[in-house]
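The values are calculated or read from the model by the stated rules, or taken from the named source; none is laboratory data. For clarity, every value in this text was computed on a predicted model and none was experimentally measured. Backbone-built Cβ (ideal geometry, glycine too); neighbour counts: all protein chains shown. Note: accessible area is taken over every heavy atom of the protein model, side chains too, but ligands, DNA and RNA are not part of it. Shrake-Rupley method; radii C 1.70, N 1.55, O 1.52, S 1.80 Å.
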Amino acid sequence: MTLGKIVFWVFLKKLLIFGMTNYVKGTCELFCPEMEAKLRIKERLLHYYELKNGEKNVPGQLVKSFARSAAGIKAPRAKDLRTEHCLQKTVEYLLKDIILDKRRPFYSVYDFIFDRLRAVRQEVVMQNYDERQTLRLLEPMVMFLAYSRYRLCEEPLDNFDSKICNQHLQECLKRVLCCYDDIDVNKTLDALNRALSLPKEVSKSEIFNLAHQIAMNFWHGNIYRVFVGIKRLPHILSAIAALKLQTLRRKIYLAFSYAYSSKQLVVPADFICKLLLHENLADVFADCKYYNIEVNVDKLSLRFSKTDFNSAATVLKEKHEIFVDKKMEKIYLPEILLLKRLKLENKDIF
């Protein structure tokens with residue numbers, strides 16, 4: 001699409017939005033509008049994290065919950081919609097106070113924050129916030145969803161649905177990218193093309209360059225370099241990248257099964273352990289058992305065979321990686337999720 005067409009469609013969208021639709025500007029300064037708060041208190045529909053000190057039916061700090069739009073429902077009133085300032089304070093409250101609450105498992109924390117942030121996203125649309133307003137509210141949500149996707153990757157489906165989390169993460173990312181594009185229409189949504197046209201202050205970032213190198217190495221099939229790069233990534237980026245490690249490990253095992261498919265050839269187990277970012281040999285041997293890779297009696301080396309490799313085996317479930325967890329232990333989570341470090345040091349964007 002040419003630049004002229006992009007400008008035309010952006011203009012047309014703005015015309016349709018501002019010329020044909022009346023949007024309500026919120027005036028509520030409470031985390032939960034009064035009418036909803038009264039109804040939920042009366043019907044005893046308070047979440048655990050909205051109870052005062054966890055006491056049953058004793059209201060504490062309520063936060064507006066997500067409700068699907070339905071046909072026949074009247075347009076919201078200004079007093080039922082929160083101001084931009086209130087929405088920002090709501091996001092900060094959720095990603096600072098609630099996310100650090102240790103009284104219940106993190107999947108319970110996630111469920112509450114996920115729902116309340118979804119309500120914030122809903123109001124962003126209802127009030128037709130501009131690109132910069134939207135970015136301020138959505139960027140922390142991207143960070144939260146990415147962090148949660150890793151933190152809860154080992155949970156059973158009853159506690160955490162990774163597909164739903166992925167879906168909302170992608171939706172938020174796409175909306176963020178569209179906001180960037182509307183601010184500067186001379187951009188496209190293709191990730192690698194975008195990387196070539198970023199502002200100098202971003203393109204010169206060590207973190208950006210590392211992430212770009214990883215993407216290019218994966219594109220060219222250099223999986224070894226991908227592993228090397230992932231280990232160097234900082235906290236949240238390292239965590240979200242680690243979710244692909246099981247897929248990448250399978251690729252390496254399969255490649256070795258073809259490259260070293262000979263009775264005379266063996267590969268040191270220690271080398272495989274370090275290459276695939278495993279913490280110990282026990283993890284390597286577990287993989288070998290799953291993919292039907294022979295471990296020598298001395299357990300010092302592995303023998304690969306393309307005929308024996310279990311190519312029908314699905315990719316192993318994602319898991320927490322020790323090298324990632326060590327990085328996560330060193331951060332103050334709210335500061336990272338709310339992108340506060342961005343104001344302190346540009347190199348700590350992620």
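Counting only helices (runs of 4 or more DSSP H) wholly contained in the range 204-297, the ones carrying 1 or more residues that are farther than 20 Å from Tyr147 by Cα and in contact with a Lys or Arg (Cβ under 8 Å, 6 or more places away or on another chain) occupy 206-219, 223-232, 245-259, 269-275, 281-291. The lone criterion from (1) over 24 Å from Leu100 (Cβ atoms); (2) within 21 Å of the chain's Cα centre (by Cα); (3) open to solvent by 90 Å² or more (accessible area, probe 1.4 Å) left unmet by Tyr258 is number (2). Of all residues in the range 1-10, none satisfies being open to solvent by less than 100 Å² (accessible area, probe 1.4 Å) and at pLDDT 95 or above.
Considering the range 275-292, the residues that are touching a Phe, Trp or Tyr at 6+ places or on another chain (Cβ under 9 Å) and charged (D, E, K, R) include one that is surrounded by the fewest Cβ atoms within 10 Å (Cβ to Cβ), namely Glu279. Could you tell me whether the range 272-279 includes any residue that is in contact with a Ser or Thr (Cβ under 9 Å, 6 or more places away or on another chain), in contact (Cβ under 8 Å) with a residue 12 or more places away in the chain and among the charged types (D, E, K, R)? No, every residue in the range 272-279 fails to be in contact with a Ser or Thr (Cβ under 9 Å, 6 or more places away or on another chain), in contact (Cβ under 8 Å) with a residue 12 or more places away in the chain and among the charged types (D, E, K, R). Screening Lys319 against (1) outside any loop (DSSP other than H, G, I, E, B); (2) out of contact with any helix residue (DSSP H, G or I) (no Cβ under 7 Å at 6 or more places or on another chain); (3) not hydroxyl-bearing (Ser, Thr, Tyr) leaves a single unmet condition, (1). Within the range 316-339, residues that are in contact (Cβ under 8 Å) with a residue 24 or more places away in the chain and over 26 Å from Leu94 (Cβ atoms) sit with their Cβ atoms under 8 Å from residues that are basic (Lys, Arg) and open to solvent by 50 Å² or more (accessible area, probe 1.4 Å), at 6+ positions apart or across chains, in these pairs: Phe323/Lys231. Here Glu123 meets each of (1) touching a residue at least 12 places away in the same chain (Cβ under 8 Å); (2) open to solvent by 10 Å² or more (accessible area, probe 1.4 Å); (3) in contact with a helix residue (DSSP H, G or I) (Cβ under 9 Å, 6 or more places away or on another chain); (4) of a type in the set (D, E, K, R) with one exception, condition (2). If you check Ile240 against the conditions, is it touching a His at 6+ places or on another chain (Cβ under 9 Å), closer than 26 Å to Leu210 by Cα and touching a residue at least 40 places away in the same chain (Cβ under 8 Å)? When the stated conditions are applied, Ile240 does not pass them.
Take the conditions in a helix (DSSP H, G or I), in contact with a helix residue (DSSP H, G or I) (Cβ under 6 Å, 6 or more places away or on another chain) and either surrounded by fewer than 21 Cβ atoms within 10 Å (Cβ to Cβ) or of a type in the set (Phe, Trp, Tyr) (or both) and apply them to Lys79. Does it pass? For Lys79, the condition - in a helix (DSSP H, G or I), in contact with a helix residue (DSSP H, G or I) (Cβ under 6 Å, 6 or more places away or on another chain) and either surrounded by fewer than 21 Cβ atoms within 10 Å (Cβ to Cβ) or of a type in the set (Phe, Trp, Tyr) (or both) - is not met. When Asp111, Asp101 are checked against the criterion of being touching a helix residue (DSSP H, G or I) at 6+ places or on another chain (Cβ under 9 Å), farther than 23 Å from Lys79 by Cα and either open to solvent by 20 Å² or more (accessible area, probe 1.4 Å) or not basic (Lys, Arg) (or both), Asp101 stands alone in meeting it.
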